[in-house]
Amino acid sequence: MDRNPEKDPRDWTTGDEPMTGPQESYLRTLAQEAGEEVPDGLTKVEASQLIDRLQEKTGRGR
């Protein structure tokens, strides 16, 4: 039994709040490595989804 299952970001109760400082910092690092821009005004959920995509693109998600 998984005691700490990963919750789908869409189910986060605070997912519609603005992304956190650490999310923004990590996103900027990933985006720079991937040659992409980080859109302004992302929510926590949107930032999490973009982090997942950029980790895959940059190979950091392995």
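Computed from phi, the 3J(HN,Hα) profile of segment 28-42 under the Karplus parametrisation 6.51, -1.76, 1.60 (θ = phi - 60°) reads 4, 5, 4, 4, 4, 5, 8, x, 10, 9, 9, x, 6, x, 6 Hz, with x in place of Gly and Pro. Between amide H atoms placed 1.01 Å from N, distances below 5 Å from residue 42 occur with 19, all of them 5 or more places distant or on a separate chain. Shown in residue order for segment 44-61 are the 3J(HN,Hα) couplings computed by the Karplus curve 6.51 cos²θ - 1.76 cosθ + 1.60 at θ = phi - 60°: 4, 5, 4, 5, 4, 5, 5, 4, 4, 5, 6, 4, 4, 5, 8, x, 7, x Hz (x for Gly and Pro).
Taken together, the values in this text are just the output of simple stated rules run on the coordinates, not laboratory data. From a predicted model like this one, the values you see are computed outputs, not experimental measurements.
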